[in-house]
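A short worksheet on the structure shown next.
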Amino acid sequence: MEISDVEFSFYSPEELRATSVCEITNPKTFDGLNAPNAGGLYDPRLGPTERGAVCPTCHETERNCHGHVGHIELPVPCYNPLTFGLLHKILACQCLHCHALRADGVTVKYYLARLALLGAGCFAKADSLGAPPPRARAPAGAGDAAGAVDDDAAAARRRDLEATCDAVLRDAKAGLLRKPRSARRR
């Protein structure tokens, strides 16, 4: 058996509620006898917490029960703190006035082409695109020959990358991107 795809994502609120075995509603975790309260953070339905205990959800002991998902209904939507870094990067790429991407056209094409290739399972071809294109610079001064060579090399790299990305995006639009034979299921 060969793994062909892997996808990571967060549960949507509906998926989380459907997967959840109980709603956490009790602010008190334990009762007066130090036993877990129903609807608390240590609700027995979430899995056994003591040796030899049997889970009321899956009827396994603590050795074989992997634990179960519960949920807390919040009065207002909240951001997931795990996504703050990514959210900050996305917001930094947008103009605050018109909400357009602040990247130039070649950079946008590069990322669109990479996403198209990755979505089609063409991982090696996506890697062959290399690093994102260098930023376009202002022309070097007349007396700066070394700067002019760097700018010419960067401009040539940008032109080549743009042509490659245009071809990938045309193939993606035409439905011609296919997984390599070695990555297809047998």
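Which of the residues belonging to region 54-91 are of a type in the set (Ser, Thr, Tyr) and assigned to a loop (DSSP other than H, G, I, E, B)?
Across region 54-91, the qualifying residues are 57, 79.
Considering only residues of region 51-94 that are basic (Lys, Arg) and modelled with pLDDT of 85 or more, which is nearest to the chain's Cα centre (by Cα)?
Looking at the filtered set, the residue picked out is 63.
If I ask for residues that are surrounded by 14 or more Cβ atoms within 10 Å (Cβ to Cβ) and either of a type in the set (D, E, K, R) or not assigned by TED's automatic domain parsing to the domain that holds residue 23 (or both), which ones from region 61-73 would you list?
Answer for region 61-73, where residues must be surrounded by 14 or more Cβ atoms within 10 Å (Cβ to Cβ) and either of a type in the set (D, E, K, R) or not assigned by TED's automatic domain parsing to the domain that holds residue 23 (or both): just 62.
I'd like to verify a number: residues in region 16-33 that are surrounded by 12 or more Cβ atoms within 10 Å (Cβ to Cβ) and without any contact (Cβ under 8 Å) to a residue 12 or more places away in the chain, how many?
Adding up the residues that qualify gives 1.
Taking the residues in region 1-24 that are part of a loop (DSSP other than H, G, I, E, B) and within 25 Å of residue 61 (Cα to Cα) as candidates, determine which candidate is nearest to the chain's Cα centre (by Cα).
Of everything passing the filter in region 1-24, 20 is nearest to the chain's Cα centre (by Cα).
Could you identify the single residue in 109, 89 that is within 27 Å of residue 129 (Cα to Cα) and touching an Asp or Glu at 6+ places or on another chain (Cβ under 7 Å)?
Going through 109, 89 in turn, the sole match is 109.
Within region 130-156, which residues are under 16 Å from residue 113 (Cα atoms) and at pLDDT 80 or above?
Matches in region 130-156: 130, 131, 132.
The values are calculated or read from the model by the stated rules, or taken from the named source; none is laboratory data. In this text, all values refer to a predicted model and were calculated from it rather than measured experimentally. FYI the Cβ positions are ideal-geometry reconstructions off the backbone, even for glycines, and counts take in every protein chain you see.
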